[in-house]
Amino acid sequence: MELLAEERATLDTFLPGLDGALAEVPMMDLEQHGSPGPELYRKHGGAKLLIPRQYAGKGATPVDAIHVQRAIASRSPSLAVAVAMHNFSIATLVEVFLSGSGLEGLLLEAIATQDRLVASGFSEGQTGRGILQPSMEARRNNGAVVINGQKKPCSLTWSMDLLTASVRLIDDSAKTEKLAVVLIPIKADGIERLRYWNNAVLAGAESDMVVLKDVKLEDRLVYPLADDGDVESAQISGFLWFEILLSATYLGVATALARMAIDSKKGTSSDRVRLGIEIEGAAAALEGIARSMMAKPRGKDELGRMLLVRYAVQSAIERATALAFEMLGGIAFVRSPEITYLFSAAHALGLHPPNRASMTEELSNFLGGTGYHLK
């Protein structure tokens, strides 16, 4: 076998020409603010990857998505992070729309046929909040819905066409409050985009700031979640997609570094096999979770297993990148900025919630059969 061969073949199947187009651009150019990566992804049909085929999408499965994320990440870590958030947004919308009236399908079809990129305004970046716990507020009064709030960092800040988010939907006339998911056109009045990301690593992901001030939204773009069952189902499904897409992304970054080390013929055969064990073992664990997502309803037990696998992937990345870095050696370090860059970018998985320390006690309870809570 050859590391990344299967993943790049999957990418070519779903988004023909994208891998070649990315390979023609120097990696460090793709990692800069203003990267051509998002537009290349759009041009090659990436916006529709996870949209079901009946709505003009590509209909990729979770396993397909893992392969695509790893392949893209091996060419551009920043682009993979950005499109992971687009795909997470799409997957969450599909889950929310499952019980819809039919209009929702038309919106998915519009995203697919018009190649719209969707950014995530969910609160996955905020300590103590679940993915659907709102960081924004929407008020409905006399038929109008007005949204206020902000999201930082927000990947695809500059390339997005739409922003999807969870909101506290407050109906002043009915004096009610419920959770809702909204889809916001980026050209709506009252939206401001600002620079926020100051780190050179992953700068191409466009993870800046979006501020919404009295943004008026059509009622057809507001989707209240009917009951606690809907909320829990959307939260679990969304979090599974969030974790699996990002784990695959950073594993793809680590795989690119491992591939460089193996191709260099440095180190021993034992070193090269150890790299393969770490990388492919982590990939197999991720694919196992992906297949279980496809085979049965998604519940808290599956989410608990996903978190265990996510931390296993994180640990494998740490070990594999350290070994690959050492194998490549000092001269390669001096001559190739990509080596240091890939090493740094791969470790960013540990910055995404929930971090290992916050979940240690909860996962201990999960393993003991007493339940757990996300933190």
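FYI, it's all coordinate maths here, none of it is from the lab. For clarity, every value in this text was computed on a predicted model and none was experimentally measured. Ideal geometry is used to build each Cβ from the backbone, glycine not excepted, and the neighbour counts take in all protein chains shown.
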Using a Förster distance of 51 Å, how high is the FRET efficiency between Asp172 and Ala5, based on the Cβ-Cβ distance and rounded to 0.05? 0.35
Please provide three numbers in whole Å: the alpha-carbon extents of the stretch 5-113 along the principal axes, with the largest listed first. 46, 29, 19
Return the FRET efficiency for the residue pair Met209, Thr268: r is the Cβ-Cβ distance, R0 is 45 Å, and the value is rounded to the nearest 0.05. 0.40
If you fit an axis through the alpha-carbon atoms of helix 356-367 and take the longest principal axis of the Cα set of the chain, what angle between them do you get, 0 to 90°, nearest 10? 80 degrees
Sketch the reach of a paramagnetic label on Ala200 as a point 7 Å from Cα along Cα-to-Cβ, and name the residues of the stretch 242-285 whose backbone nitrogen lies under 17 Å away. none
Give me the distance in nm between label points sitting 7 Å out from Cα along the Cα-to-Cβ direction at Ala322 and Lys43, one decimal. 4.1 nm
Set Lys48/Lys216; Lys152/Lys213; Lys151/Lys213; Lys178/Lys296; Lys151/Lys187 screened for pairs whose C-alpha atoms are more than 20 Å apart: Lys48/Lys216; Lys178/Lys296
Taking θ = phi - 60°, what integer Hz values does the Karplus form 6.51 cos²θ - 1.76 cosθ + 1.60 yield along the stretch 154-159, in sequence order, with x for Gly and Pro? 10, 4, 6, 3, 9, 9
The chain: calculated mean residue ellipticity at 222 nm from DSSP helix runs of at least 4, using -39500 (n - 2.57): -17000 deg cm²/dmol
Centre separation in Å (Cα based) which lies between the stretch 1-32 and the stretch 56-121: 18 Å
Taking Rh as the Kirkwood radius computed over alpha-carbon pairs of the stretch 162-218 and applying Stokes-Einstein at 20 °C with viscosity 1.002 mPa s, one gets a diffusion coefficient in µm² s⁻¹ of 159 µm²/s
Rounded tilt (10° steps) of 62-75 against the dominant C-alpha axis of the chain: 60 degrees
Two-decimal ratio, the chain, of alpha-carbon radius of gyration to 2.2 N^0.38 Å: 0.98
Which angle between 0 and 90 degrees, to the nearest 10, do you get for helix 300-335 versus the longest principal axis of the chain when only C-alpha atoms count? 40 degrees
In percent, what relative contact order does the stretch 5-113 have, based on Cα pairs under 8 Å that are 6 or more apart in sequence? 31 percent
Choice from Glu192, Glu243, Glu287 with maximal GNM fluctuation in the chain (Cα, 10 Å cutoff): Glu192
Quote the FRET efficiency, to the nearest 0.05, computed for Lys152 versus Ile277 with a Förster distance R0 of 25 Å and r equal to the Cβ-Cβ distance. 0.05
According to a simple spin-label model (label point 7 Å from Cα along Cα-to-Cβ), what is the distance in nm between Val334 and Gln32? 2.6 nm
How many angstrom separate the Cα center of the stretch 255-333 from the Cα center of the stretch 170-219? 35 Å
Among Leu30, Leu328, Leu286, which one shows the biggest mean-square fluctuation in a GNM of the chain, springs joining Cα atoms closer than 10 Å? Leu328
Tell me the label-point distance for the pair Thr61, Thr113, using the 7 Å Cα-to-Cβ offset, in nm and rounded to one decimal. 2.9 nm
Output for the stretch 1-99: GluC sites (Glu not before Pro) sitting in coil per DSSP, at most 15 other Cβ within 10 Å, listed by number, reads Glu2, Glu24
Here the averaged projected area of the stretch 229-367, based on the convex hull of its alpha-carbon atoms and given in nm², is 9.2 nm²
